[in-house]
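The values are calculated or read from the model by the stated rules, or taken from the named source; none is laboratory data. Keep in mind it's a predicted model, so treat the numbers as computed, not measured. Cβ: placed from backbone, ideal geometry, glycine included. Neighbour counts: every protein chain shown. Remember, those area values only see protein heavy atoms, side chains included, never the ligands or the DNA or RNA. Shrake-Rupley method; radii C 1.70, N 1.55, O 1.52, S 1.80 Å.
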Amino acid sequence: MNILLLGSGGREHALAWKMVQSHHCDQLYVAPGNAGTAAFGNNLPISVTDFQAIGDACIQYKINMLVVGPEEPLVKGIYDFFQNNPDLKRVIVVGPSAQAAQLEGSKAFSKQFMQRHGIPTAAYASFTAENLEEGRAYINRHSLPVVLKADGLAAGKGVVIANSTEEALAVFTEMIVDKQFGAASEKVVIEEFLSGIEVSVFVLTNGTDYQIIGHAKDYKRIGEGDTGPNTGGMGCVSPVPFMDETFMKKVEDRIIRPTVEGLGRENLTYYGFIFFGLINVNGVPYVIEYNCRMGDPETEVVIPRLRTDLVALFAAMDNGTLRDANISFDERAAATIMAVSGGYPGNYAKDKPINIPANLLQNQDSMLFHAGTRREGEEVLTNGGRVLAVTSYGETIGEAAAKSRAILEKISFEGMYYRKDIGFEFPC
Ligand code: AMP
Ligand code: GLY
């Protein structure tokens, strides 16, 4: 099978690494890819939202399967674009329809969906310019802290946890009146603050059957001890010690199954990953958010622990045999640590040469996944905020994280920073 993978992050490098291990994968193409994905397939200089060029490439390279990494092309309807084109209809698309991708693309849509299907989530209300005063009154009555969310995609910046009513009112005005995130904040969801530990669960579904392919805990803040501004993710560990059978049963019974059944009942066409962003409130799981894709850097620990052939799973998703798939995991723990550019998540420089010693990973239980990198001649240069991720296996999370740190000590680029405390709560 010829496969085209869309995206250019650490997630896509990890997916590429996994897919080329499958005997079902003949040739892999990645658009646009990064310096790491080029080792597994042909990088194509095509934007993930240029559907026409992606479709043309699928015809030119006789692509059988399109695997969509990031959310933007899904929310913009790449699944539907392929379905509606007679020459592309035969391509297996791993990713939901635009309508179903609204589970990530609109917070209000996902909250209404959860409400319709009795899926536990924080209490909420949503407002627009039309009922601004009602929104202000709602905030004035609300307990603190209160969570405000821009309805649409806002590159991970659309959520504010306000500790005072004044702050909440100011953020509410900025989002709706000042259109801080453009159309994405024309509608704002205001919700109850839930206190607990966040964890993510990953499922592959065809809208009828599903398989759980892993879970992870990520570290979102830039600073050690979970301090400072939020980022796309500074590291991840898996498995998470509290995700035992009892907790997972609650997640499956109260959240995963009702979600997949809800998709079916509402005729939402969904072939792809669901990322359940959960919070464990004293042993009770709630949904914080749905994403219609894998996470980054969650993929960099979930995929290395998945023993099952991923391309075979995608084929099973397509041909109705997903239910019978055998999922098995590497028993070892995995930890990934992201190296980022100095200044990230604020302004940062690009094009810094990255020094990666030859034979860095020989005889080690570690993998290096590129994120924001590009190759220029013999050199690998930084090309983004999150630059690379080092994933290691270990008998414990602590051991896995220590191995990743040891590898990162040998890599350097100007301004390089990484958190040295990934997995700190789980030393053994
Ligand atoms: P979201 O984009 O909805 O995942 O929100 C981003 C982050 O904001 C989450 O990962 C949480 O850390 C935090 N967050 C969102 N909603 C809530 C909530 N209801 N209670 C507490 N924290 C929240
Ligand atoms: N690491 C969080 C995300 O991929 O959305």
### Residue within segment 386-396 that is within 28 Å of Pro32 (Cβ to Cβ), among the small types (Gly, Ala, Ser) and open to solvent by 10 Å² or more (accessible area, probe 1.4 Å) present
no
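If I filter segment 328-373 down to residues being of a type in the set (Ser, Thr, Tyr), touching a Gly at 6+ places or on another chain (Cβ under 8 Å) and in a loop (DSSP other than H, G, I, E, B), which single residue comes out as most open to solvent (accessible area, probe 1.4 Å)?
Once the filter is applied, the top-ranked residue is Tyr348.
Answer yes if at least one residue in segment 369-385 is within 19 Å of Ile422 (Cβ to Cβ), away from ligand 1 (no atom under 16 Å from the Cβ) and out of contact with any His (no Cβ under 8 Å at 6 or more places or on another chain), and no otherwise.
Within segment 369-385, the subset within 19 Å of Ile422 (Cβ to Cβ) is 369-372, 385.
When the remaining residues are screened for being away from ligand 1 (no atom under 16 Å from the Cβ), the result is 369-372, 385.
Restricting the remaining residues to those that are out of contact with any His (no Cβ under 8 Å at 6 or more places or on another chain) gives 372, 385.
Among the residues of segment 369-385, at least one is within 19 Å of Ile422 (Cβ to Cβ), away from ligand 1 (no atom under 16 Å from the Cβ) and out of contact with any His (no Cβ under 8 Å at 6 or more places or on another chain), which makes the answer yes.
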### Task
Within segment 278-291, identify whether any single residue is in contact with a helix residue (DSSP H, G or I) (Cβ under 6 Å, 6 or more places away or on another chain) and farther than 28 Å from Thr396 by Cα, and answer yes or no.
yes
### Task
Considering only residues that are out of contact with any strand residue (DSSP E or B) (no Cβ under 8 Å at 6 or more places or on another chain) and part of a loop (DSSP other than H, G, I, E, B), look in segment 80-105 and name the one that is farthest from Glu12 (Cα to Cα).
Pro86
### Task
Determine whether segment 241-251 contains at least one residue that is at pLDDT 95 or above, among the aromatic types (Phe, Trp, Tyr) and within 30 Å of Ala168 (Cα to Cα).
no
### Query
Just a yes or no: is a residue in segment 338-357 hydroxyl-bearing (Ser, Thr, Tyr), at pLDDT 95 or above and within 21 Å of Val237 (Cα to Cα)?
no
### Query
Just a yes or no: is a residue in segment 112-123 basic (Lys, Arg) and either within 16 Å of ligand 2 (Cβ to nearest atom) or touching an Asp or Glu at 6+ places or on another chain (Cβ under 6 Å) (or both)?
no
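Quick check: anything in segment 45-56 over 27 Å from Glu191 (Cα atoms) and touching a Gly at 6+ places or on another chain (Cβ under 7 Å)?
Yes: one or more hits.
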### Task
Can you give me the number of residues within segment 182-210 that are within 16 Å of ligand 1 (Cβ to nearest atom) and part of a loop (DSSP other than H, G, I, E, B)?
5
### Message
I need a count of the residues in segment 288-330 that are within 16 Å of ligand 1 (Cβ to nearest atom) and within 21 Å of Val237 (Cβ to Cβ).
### Response
9
#### Entry: Given (1) surrounded by fewer than 15 Cβ atoms within 10 Å (Cβ to Cβ); (2) within 23 Å of Gly207 (Cβ to Cβ), number of the condition Asp80 does not satisfy
(1)
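Scan segment 46-67 for residues that are in contact (Cβ under 8 Å) with a residue 24 or more places away in the chain and open to solvent by 10 Å² or more (accessible area, probe 1.4 Å) and report the count.
So the answer is 7.
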### Query
From the residues in segment 107-134 that are buried (at least 21 other Cβ atoms within 10 Å of the Cβ) and at pLDDT below 95, which one is farthest from Gly152 (Cα to Cα)?
Phe127
### Query
On the given criteria, is Ala98 modelled with pLDDT under 95 and surrounded by fewer than 23 Cβ atoms within 10 Å (Cβ to Cβ)?
no
### Message
Quick check on this structure: which one of Ile176, Ile197, Ile190, Ile161 is more than 16 Å from ligand 2 (Cβ to nearest atom) and open to solvent by 30 Å² or more (accessible area, probe 1.4 Å)?
### Response
Ile161
### Task
Please work out which one of (1) buried (at least 17 other Cβ atoms within 10 Å of the Cβ); (2) within 21 Å of Leu204 (Cβ to Cβ); (3) of a type outside the set (Ser, Thr, Tyr) is the condition Asn43 fails and give its number.
(2)
